[in-house]
1. Could you list 54, 111 in order of exposure, starting from the residue whose Cβ has the fewest other Cβ atoms within 10 Å?
2. Give me 41, 31 sorted ascending by neighbouring Cβ count inside 10 Å, so fewest comes first.
3. How would segment 93-153 be classified by its alpha-carbon gyration tensor: rounded, prolate or oblate, with rounded meaning a/c under 1.5 and the a/b versus b/c comparison settling the rest?
4. With the cut-off at 1.5 for a/c, could you classify the chain from its C-alpha gyration tensor as rounded, prolate or oblate?
5. Taking the DSSP beta bridges in the chain as the whole, what percent of them are antiparallel, to the nearest 5?
6. I need 85, 34 ordered by Cβ neighbour count within 10 Å, fewest first.
Amino acid sequence: MLSILVIEDDGNKLTQLCAFLKEHFEEVEVRTARSLQSGIRNVRQTVPSLVLLDMTLPNFDATPDDTGGQTHNFGGREFLKQLERFDIRVPVVVVTQFTTFGKGALTIGLDDLDRELTSLFSPNYSGCVYYHASIHRWKEELQRLISSNLPPC
């Protein structure tokens, strides 16, 4: 069975992504992780058919008493590095709500980040989608990227 792992810490965005997947890819099992570490652990246990990855992630899953540790502006990049470290091959699509990342002189725009990730992490990295809850164009782009990266059922 095909499976998609969604690594996302924002509850609303996670809900929207899962609803989208159930509507357009109902034959695919959807798994979720809410932090960098739980995403890495999840993909190492059972490699999914595809990963949808947030770029900005906390280190660990948040609990009612804990925020999940420091949030990494480039947590998605770290996840991709870990895939290489463990020699895991899986298509990854970044789905982000931000158009710029980092701070000060280390700021990078989404288009430049996309080029960097393509250069550093191909063939795992398969592209990025700018997500905005009130603009539905992200759905078309995400459907195109998922369809082009999932093997046939």
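All of the numbers you see were taken from the coordinates with simple rules; none came from a lab. All figures in this text were calculated on a predicted structure; none of them were measured in a lab. Cβ: placed from backbone, ideal geometry, glycine included. Neighbour counts: every protein chain shown.
1. Numbers: 54 27, 111 11.
Ranking 54, 111 by Cβ neighbours within 10 Å, fewest first, gives 111, 54.
2. Details: 41 11, 31 17.
In order of increasing Cβ crowding within 10 Å: 41, 31.
3. Judged from the Cα gyration tensor, segment 93-153 comes out oblate (a/c at least 1.5, b/c at or above a/b).
4. Numbers: a/c = 1.23, a/b = 1.18, b/c = 1.04.
Rounded shape, in that the Cα axes give a/c under 1.5.
5. Details: 6 of 22 bridges.
For the chain, the DSSP antiparallel bridge percentage is about 25.
6. Values: 85 9, 34 21.
If I rank by nearby Cβ atoms, fewest first, I get 85, 34.
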